Amino acid sequence: MKKMKKKHLAITLSKLRGFQNPKVELEQYRTPGSVAAELLWLAHSLGDIEGKTVADFGAGTGVLAAGACLLGAEKVYAVEIDRDALKIARENIGSLQLENCIELVCSDVSNFTTTVDAVIMNPPFGSQNPHADRPFLLKAFEVSNTVYSIHLAKPEVRRFIDAFSGEHGFRITHRIPVEFELPAQFFFHRKRLEKILVDIYRFENQKRKRYMFRI
Ligand code: SAH
């Protein structure tokens, strides 16, 4: 398949279906196409997508998983706890004919045990259940040496992420602030469209050798 340019990727991903009845307690808001494209393009440019095995944690509607396949990932595990969300992911993946690249895994991320080249994720931000992002980070650091994730760009969140990644042997190689548009899908959002600031992170295992020779 011919690979896409960043802008085209953002447009393609933003056309995918969103959550039908988003569940507040699971913090179901889809990753906007532009934010997904930003994360995926960074990962792709650093050689973390093409030909790689990837896991999308909290895959929801499948936006990140689909994007990784469009950029040449060999295989993507889309791990999601909610069956209703996975139905939409299946539809989205079918609409792009990516069935052969993506395996849908209906599971709590904590129960996922397959080692992968990279994890990409937009976990719950923890605005409903404080620290809901912890099991995601913990599992990502367990199954991969390279992790991409999205978190709120707030000083206290940044401090937490700095400390938590360091404690688990990971260093932050990139932190890119971007705008994230939240649709007014939850009753407590008063504005029709709310813009928040988030950080896209790339973490790398500190023990990972910078240069590896492959046979
Ligand atoms: N990246 C997705 C969804 C992000 S919202 C998209 O763009 O559509 C976060 C997702 O994490 C939700 O779909 C929610 O159902 C899922 N989730 C929350 N807790 C989870 C857990 N413990 N294990 C797996 N998925 C979980």
Only listed residue being within 16 Å of the chain's Cα centre (by Cα) and modelled with pLDDT of 95 or more, chosen from Ala132, Ala140: Ala140
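If you check Leu64 against the conditions, is it buried (at least 16 other Cβ atoms within 10 Å of the Cβ) and either touching a Lys or Arg at 6+ places or on another chain (Cβ under 8 Å) or under 21 Å from Asp117 (Cα atoms) (or both)? Don't jump to the end; show me each part of the working.
Details: buried (at least 16 other Cβ atoms within 10 Å of the Cβ): yes; either touching a Lys or Arg at 6+ places or on another chain (Cβ under 8 Å) or under 21 Å from Asp117 (Cα atoms) (or both): yes.
Here the answer is yes, as Leu64 does meet what is asked.
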Hey, Asn122 in contact (Cβ under 8 Å) with a residue 60 or more places away in the chain and either over 20 Å from Thr31 (Cβ atoms) or surrounded by 13 or more Cβ atoms within 10 Å (Cβ to Cβ) (or both) or not: yes
Any hit, region 18-38, residues being closer than 17 Å to Val143 by Cβ and either surrounded by 21 or more Cβ atoms within 10 Å (Cβ to Cβ) or within 12 Å of the ligand (Cβ to nearest atom) (or both): no
Candidate set: region 1-17, residues that are of a type in the set (A, V, I, L, M, F, W, C) and either buried (at least 20 other Cβ atoms within 10 Å of the Cβ) or in contact (Cβ under 8 Å) with a residue 24 or more places away in the chain (or both); chosen: the one nearest to Val198 (Cα to Cα): Ala10
Qualifying positions in region 135-146 - surrounded by fewer than 20 Cβ atoms within 10 Å (Cβ to Cβ) and either within 10 Å of the ligand (Cβ to nearest atom) or under 18 Å from Ile196 (Cβ atoms) (or both): Pro135
Any hit, region 68-86, residues being touching a Pro at 6+ places or on another chain (Cβ under 6 Å) and within 24 Å of Leu193 (Cβ to Cβ): no
Options Glu50, Glu74; residue that is surrounded by fewer than 18 Cβ atoms within 10 Å (Cβ to Cβ), away from the ligand (no atom under 13 Å from the Cβ) and within 24 Å of Ser107 (Cβ to Cβ): Glu74
Sole exception among (1) without any contact (Cβ under 8 Å) to a residue 60 or more places away in the chain; (2) in a strand (DSSP E or B); (3) within 9 Å of the ligand (Cβ to nearest atom) for Thr61, by number: (2)
Residues satisfying the stated conditions in region 23-54, i.e. of a type outside the set (Lys, Arg), closer than 14 Å to Ile120 by Cα and in a loop (DSSP other than H, G, I, E, B): Thr31, Leu46, Gly47, Asp48, Ile49, Glu50
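The values are calculated or read from the model by the stated rules, or taken from the named source; none is laboratory data. Values in this document were obtained by computation on a predicted structure and should not be read as measured data. When we count neighbours, we look across all protein chains shown, and the Cβ atoms used for this are built from the backbone with ideal geometry, even at glycine.
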